[in-house]
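First the structure, in the form of structure tokens, and then the observations on it.
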Amino acid sequence: MANRLRVAGLVFVIFFVALPVAMLVTIIMFPFWSWVESTFGIESIGHSGPAGWCYWVSYIIILIGAFLIWRAIRRNTKRRNTKLSSS
């Protein structure tokens, strides 16, 4: 039970921390969003900055990256613990 609560808390932290990171990344990628708009004709830059979908794309990509990193760390930790216990 405690492990599930810890995992749920970590997932919440990842979702929460990814929000401001995604906003910053979206703004930093302003030239990319301008290129998307000029190349594909998809409205991505408005008078007040990037469109809402640009923030969502950045947020989702950052979440996927964060969870892949977390998964790799967990797998590495489990392997290390298995090696230590078998020695």
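The values are calculated or read from the model by the stated rules, or taken from the named source; none is laboratory data. The structure displayed is predicted, hence computed values, not measured ones. Quick reminder, even Gly has a Cβ in these numbers, built from the backbone with ideal geometry, and neighbours come from all protein chains shown.
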Working carefully through the options S34, S86, S58, S48, find the one that is out of contact with any helix residue (DSSP H, G or I) (no Cβ under 7 Å at 6 or more places or on another chain), modelled with pLDDT of 95 or more and among the polar types (S, T, N, Q). S34
Working only within the stretch 25-52, note down all residues that are surrounded by fewer than 12 Cβ atoms within 10 Å (Cβ to Cβ), under 18 Å from the mean Cα position of the chain (by Cα) and not aliphatic (A, V, I, L, M). G52
Screening F67, F12, F16 for residues that are under 19 Å from the mean Cα position of the chain (by Cα), assigned to a helix (DSSP H, G or I) and surrounded by 11 or more Cβ atoms within 10 Å (Cβ to Cβ) leaves only F67
Cross-chain or 6+ apart pairs with Cβ under 8 Å, the stretch 48-71 first and under 16 Å from F32 (Cα atoms), then among the acidic types (D, E): A51/E43
Restricting attention to the stretch 71-87, does a residue exist that is in a strand (DSSP E or B) and under 23 Å from the mean Cα position of the chain (by Cα)? no
Could you say whether any residue in the stretch 10-19 is in contact with a strand residue (DSSP E or B) (Cβ under 6 Å, 6 or more places away or on another chain) and under 16 Å from L63 (Cβ atoms)? no
Residues of the stretch 34-50 satisfying the condition of being small (G, A, S) and over 13 Å from M23 (Cβ atoms): S34, S38, G41, S44, G46, S48
